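J.: Structure provided below as structure tokens; questions to follow.
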Amino acid sequence: MLKVPDGAVSDKEEDQMLEIQAVDLDAVEGQEFDSEQLSVMDKITERYKSKPGSLIPVLEEIQEAIGYLPKSIQKKVALGLGVPFSEVYGVVTFYSFFTMVPKGRHTVRCCLGTACYVRGGKKTLDRFSKILKVDPGGTTDDRRFSLETVRCLGACGLAPTMMIDNDTFRQVKTTEISDILEDYR
């Protein structure tokens, strides 16, 4: 068997990479990314291509540009940087600031910490879920809102609390939720 020097790619590996690349490009093009977004992504990847340890900055910039990092985009990043897909996927799933699903323009965070929970935090969450027609962790079809749960917002004395983007709401009553959301529509 022929030994390939470290850093070199065998013909078989090169063929496999080209095959994967063709499949991945089809997968990316089949999603909702336009040519401008893909071009921006390619420029970001190219700018960092020869810089060791650049995976996180590349992923941050790409997520900023297109909004999220689905597997098809992660595969394209892996090919562009010449790193294994498993490394890219591992970073994306490890760090909480990366997301593999589209996020809404506004993020609703409902606190389910002990104080909020016993004072109606779960009812608040259920009401948001019903009004927005989305489960926690999801995004509305129009991408206006993402609904998340958090364990504590640090305002236990004002429970139940919730946030929309950077705005905190205290002692939230389920009857107020429609009015609160109206300011963000």
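J.: Hey, can you tell me all the residues within the stretch 92-111 that are assigned to a strand (DSSP E or B) and in contact with a helix residue (DSSP H, G or I) (Cβ under 7 Å, 6 or more places away or on another chain)?
T.: Initially, the stretch 92-111 is screened for residues assigned to a strand (DSSP E or B), giving 106-111.
Once the filter is applied, which keeps residues that are assigned to a strand (DSSP E or B) and in contact with a helix residue (DSSP H, G or I) (Cβ under 7 Å, 6 or more places away or on another chain), the stretch 92-111 yields V108, C110, C111.
J.: When you check C116 against the structure, is it in the same structural domain as S146 (by TED's automatic domain parsing), surrounded by 14 or more Cβ atoms within 10 Å (Cβ to Cβ) and touching a helix residue (DSSP H, G or I) at 6+ places or on another chain (Cβ under 6 Å), yes or no?
T.: Values: in the same structural domain as S146 (by TED's automatic domain parsing): yes; surrounded by 14 or more Cβ atoms within 10 Å (Cβ to Cβ): yes; touching a helix residue (DSSP H, G or I) at 6+ places or on another chain (Cβ under 6 Å): no.
No.
J.: Looking for whichever is over 23 Å from S35 (Cα atoms) and buried (at least 16 other Cβ atoms within 10 Å of the Cβ) here; the options are G80, G90, G104, G121. Which one fits?
T.: Going through G80, G90, G104, G121 in turn, the sole match is G121.
J.: Does the stretch 153-160 contain any residue that is touching a Ser or Thr at 6+ places or on another chain (Cβ under 7 Å) and under 30 Å from L38 (Cβ atoms)? So that I can check it myself, show each step before the final result.
T.: Here is the first cut: in the stretch 153-160, the residues touching a Ser or Thr at 6+ places or on another chain (Cβ under 7 Å) are 153, 155, 160.
Adding the requirement that they be under 30 Å from L38 (Cβ atoms) leaves none.
Scanning the stretch 153-160, I find no residue that is touching a Ser or Thr at 6+ places or on another chain (Cβ under 7 Å) and under 30 Å from L38 (Cβ atoms), so the answer is no.
J.: Being assigned to a loop (DSSP other than H, G, I, E, B), among the hydrophobic types (A, V, I, L, M, F, W, C) and modelled with pLDDT of 95 or more is the filter here, so list the residues in the stretch 150-171 that pass it.
T.: As a first pass, look at the stretch 150-171 and keep what is assigned to a loop (DSSP other than H, G, I, E, B): 151-155, 159-161, 165-166, 170-171.
Checking the rest, the ones that are also among the hydrophobic types (A, V, I, L, M, F, W, C) come to 152-153, 155, 159.
Listed by number, the list holds a single entry, A159.
J.: Which members of the stretch 24-46 meet the condition of being among the charged types (D, E, K, R) and at pLDDT below 85? Full working, then the answer.
T.: Step one: list which residues in the stretch 24-46 are among the charged types (D, E, K, R), which gives 24, 26, 29, 32, 34, 36, 42-43, 46.
Within the stretch 24-46, D24, D26, E29, E32, D34 meet the criteria.
J.: Further question on the same structure: Being farther than 16 Å from F85 by Cα and surrounded by 15 or more Cβ atoms within 10 Å (Cβ to Cβ) is the filter; apply it to the stretch 47-61 and report the residue that is modelled with the lowest pLDDT.
T.: Among those residues, the one meeting the criterion is Y48.
J.: In this structure, is L69 surrounded by 19 or more Cβ atoms within 10 Å (Cβ to Cβ), outside the structural domain of D42 (by TED's automatic domain parsing), under 19 Å from the mean Cα position of the chain (by Cα) and not basic (K, R)?
T.: Details: surrounded by 19 or more Cβ atoms within 10 Å (Cβ to Cβ): yes; outside the structural domain of D42 (by TED's automatic domain parsing): no; under 19 Å from the mean Cα position of the chain (by Cα): yes; not basic (K, R): yes.
No, not satisfied.
J.: Please pick out the residue among G90, G138, G154, G121 that is in the same structural domain as P70 (by TED's automatic domain parsing) and either without any contact (Cβ under 8 Å) to a residue 40 or more places away in the chain or not hydrophobic (A, V, I, L, M, F, W, C) (or both). Step through it out loud before you land on a result.
T.: Working: G138 fails: in the same structural domain as P70 (by TED's automatic domain parsing); G154 fails: in the same structural domain as P70 (by TED's automatic domain parsing); G121 fails: in the same structural domain as P70 (by TED's automatic domain parsing).
On inspection, the qualifying residue turns out to be G90.
The values are calculated or read from the model by the stated rules, or taken from the named source; none is laboratory data. Predicted, not measured: the structure shown is a model, and the values here were computed from it. No Cβ is skipped: glycine too gets one built from the backbone with ideal geometry, and neighbour counts run over all protein chains shown.
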